[in-house]
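Below is one structure, written out as structure tokens; comments come after it.
Please treat every number below as a calculation from the coordinates, not as lab data. Being a predicted model, the structure only gives us computed values, none of them experimental. Positions of Cβ are backbone-derived with ideal geometry, glycine not excepted, and every protein chain shown enters the neighbour counts.
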Amino acid sequence: MLKWFHRLGSPKTFFELSSKWHPWLLGLSLLSLVSGVAWALLFVPPDYQQGNSVRIMYIHVPAAILAQSGYMMMAGAAAVFLIWRMKLADMAVAAIAPLGASITFLALVTGAIWGKPTWGTWWVWDARLTSTLVLFFLYVGMIALRSALDRQATAGRACAILALVGVVNLPIIKYSVEWWFTLHQPASFSLTEKPAMPAEMWMPLLLMVIAYYLFFFTALLSRLRNEILDRERDTDWVRKWVAAQ
Amino acid sequence: MNFYLRTLKRDLSIHLRGLSEVINPLVFFVVVISLFPLGLGPSPQQLSEVAPGVIWVAALLATLMSMDLMFRDDFSDGSLEQVVVSGQPLLVFVLAKVTAHWLMSGLPLVLLVPVVGLVMFVDGDSLQAMVVSLLLVSPTLSLLGAIGAALTVSLARGGLLVSILVLPLYVPVLVLATAMVQAAGSEAEIAGYVYWLLAALLASVTLAPLAVAASLRLAVDR
Amino acid sequence: MLRASGLSCARDRRHLFTALDVSLDAGQLVQVTGRNGSGKTTLLKILTGLYTEFEGEVTWSIERPPLYLGHSPGVNPRLTVTENLGWLCHLQDTDAALADIDEVLDVLGMAGYQDTYCHNLSEGQRKRVNLARFLLCENPCWIMDEPFSSIDSTGLRYLEEKMQAHLEQGGGIILTSHQRPMFAVDIDQVALTP
């Protein structure tokens, strides 16, 4: 098992394996995204409270979920890099950061769009949106640090340390923001505090979450492959691959 | 312990001989706070309402302004290299540096709070809570800021980047501390907040130096 | 004292050296030669443990880390010579007595500079402050990057004397220099060619 893990860590092996996975992932993710969106827009009944605007939940909630797990994945890759010095793990950290940032931004924007018909304003400082905003800043920090350190040999390890520092602080930040929100607005509507969802509502949500994960991994795979080609551009196998394109 | 004290003494001597570097962030603190009445209007009631948040955010920013002091000089003149090569415990070095920074940056801020509290019309109970909370949190601010300072020490112009990296980490203590001040202002119990802030301090003292030391090793690894 | 084998290092997509072996024994001087940018400083940093992006093994068999003279002298401009020396020696667990400091500064041609703030010193003088601790602290191994640059001829003579004495007492020196040290008997040259 560990041997397979180490074998997978070789950029060349990973590149070859992922060439086979990639088209499947892309196909699956597009399929599930399209069907999920169609289900959400056409077949889910309008919410008794929010009417049709609840449909944006199907875009927003999976994005928020993925924003968080994206950071966890990035931190996991960072830990792998620091412990086992696996180059691929560092590439994963570099690849996830902009992806995670984009998805967090999507969560923020769709959260705001959802807010307009619900509260009448484009933004509200509730627990969910606020902690998503801080998460966005954490992602931006990762991107900023890497670009500032540019091509320094220690850039990978520095970003890995930052990712681990961030992941330790993330639950603390979330918790403190939630607590802060209850202090200031104890009896307010929260985006997530809803009564138990009937199956016809959470099933499409589940589908959308799965679709987002699939799409995330597809995009991640593409970015990783690019990163591999970029970093290993002086090796023989890359030269041969490029020549064969 | 000896190494800790020697490093602390050295750092304090260095800071005290370049006092303008120490004073600038404090001036920044006062100036920033003074801008708020100009921006919001002079009404004492309004100012005292926003005071805890304003003073706290200004304190965070002023702390970040002074972060450069911590490692940059040692990095550029080669002292950091010498510490790493010498095999002396880097964690102790880090703790000494953070202590020195807190004495030169955090503690003076705490002493300034009554002054700025005055111009923002903060009442007695809230002011007391503000001083106590800043006293408890400023070491944490130095510790967390040190992580950002150490990660960016090898960069020529790391100042703004440190702020971007560290400000999200400050959110929990900011939330806790301002809540404590507001609780004090409305005559509520603040003991719980004090325990939480102490817990935050303990957690930072144990964990932050690890990240700082690791980052410092990276900085000389070139 | 030191056995390093199979050292390979690449920087900025250039291979600096491959499968390099370096060893240092008591009484030996190892001189690393090569053009500017050939990786001499990098090699020294690998041996001191500062630089970690390399392949191969470095094994030290001495009690404490070596004394290292790098490009930057490690001297804080706002402290006096004595204060800087005191702290640098403290890093080596040595308590330098003031009398010893006076003596060493004298030898290096910096008598009377004890209480001078180091921002008033020239580059060469700061380097000599760092060199002073080589004479104040007991350490079998000296690793020095360009010790002879920015030193005038008088200081050079003293330095060579002290280095020779160090070797005779069973110490070892690894240094980079463009000139071949004439004073040493047992010299091993490690040439780095790009």
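A few points about this structure:
- Computed over the alpha-carbon pairs of segment C:1-110, the distance histogram in 5 Å steps reads 2, 9, 17, 19, 15, 13, 12, 8, 4, 0, 0 percent, short to long.
- Calculated [222 nm] ellipticity per residue, helices only, for the protein assembly as shown: -22500 deg cm²/dmol; basis is -39500 (n - 2.57) per DSSP H run with n ≥ 4, divided by all residues, nearest 500.
- Here's how it looks for C:THR33: its modeled amide H is under 5 Å from those of C:VAL190, C:ALA191, C:LEU192, which are all 5 or more places away or on a different chain.
- Amide proton proximity set for C:ILE174, modelled H, under 5 Å, gap of 5+: C:VAL30, C:TRP142, C:ILE143, C:MET144
- The dipole here belongs to chain C: it is taken about the Cα centre, uses +1 on the Cβ of Lys and Arg and -1 on the Cβ of Asp and Glu, and is about 820 debye.
- Average beta carbon contacts from partner chains per residue of A:160-167, 10 Å cutoff: 5
- Helix axis angle, A:127-149 relative to chain A longest principal axis, alpha carbon, degrees: 20 degrees
- Neighbour cut-off at most 15 other Cβ (10 Å), DSSP loop, chymotrypsin sites (Phe, Trp or Tyr not before Pro), segment A:95-144: A:TRP122, A:TRP123, A:TRP125
- Rounded to the nearest 10 degrees, the angle from helix C:153-168 to the longest Cα principal axis of chain C is 60 degrees.
- Segment C:29-137: GluC sites (Glu not before Pro) in DSSP loop, at most 14 other beta carbons within 10 Å: C:GLU53, C:GLU63
- Kirkwood estimate for segment B:2-220, i.e. one over the average of 1/r between Cα atoms, Å: 17.8 Å
- Measuring against 21 Å, Cα to Cα, the residue pairs C:LYS127/C:LYS162; A:LYS12/A:LYS240; B:LYS9/C:LYS127; C:LYS45/C:LYS127; B:LYS9/C:LYS162; A:LYS12/C:LYS45 contain B:LYS9/C:LYS127; B:LYS9/C:LYS162; A:LYS12/C:LYS45 as the ones spanning a longer distance.
- Taking every alpha-carbon pair in segment B:59-145 and binning the separations at 5 Å intervals from zero gives 3, 13, 21, 19, 15, 11, 7, 5, 4, 2, 0 percent.
- Antiparallel content of DSSP bridges confined to the protein assembly as shown, in %, to 5: 45 percent
- Sorting the Cα pairs of chain A by distance into bins of 10 Å, from 0 upward, gives 7, 27, 31, 22, 11, 3, 0 percent per bin.
- Along chain B, the longest continuous region that contains none of the GluC sites (Glu not before Pro) in a DSSP loop with at most 14 other C-beta atoms within 10 Å is B:1-186.
- The alpha carbons of segment B:48-110 occupy a box of 52, 20, 14 Å along the principal axes, longest dimension given first.
- Coordinate range along principal axes, alpha carbons of segment A:18-69, Å, largest first: 46, 26, 8
- Our coupling estimate for segment B:53-67, obtained by passing each phi through the Karplus curve with A = 6.51, B = -1.76, C = 1.60 and θ = phi - 60°, is x, 4, 5, 5, 5, 4, 5, 4, 5, 5, 4, 5, 4, 8, 5 Hz, Gly and Pro reported as x.
- Convex hull volume per residue in cubic angstrom - Cα atoms of the protein assembly as shown: 183 Å³
- Each eigenvalue of the Cα gyration tensor of segment C:67-138, multiplied by 5 and square-rooted, gives one semi-axis; in descending order these are 16, 14, 11 Å.
- Between the C-alpha center of segment B:150-194 and that of segment B:91-148 there is a gap of 10 Å.
- Here segment A:53-71 and segment C:62-132 have alpha carbon centers that stand 60 Å from each other.
- Under the Debye formula (equal points on every Cα, no solvent term), log10 I(q)/I(0) of chain C at q = 0.08, 0.09, 0.13, 0.15 Å⁻¹: -0.26, -0.33, -0.69, -0.91
- The angle between the Cα long axis of helix B:2-16 and the longest principal axis of the Cα atoms of chain B comes to about 60 degrees, rounded to the nearest 10.
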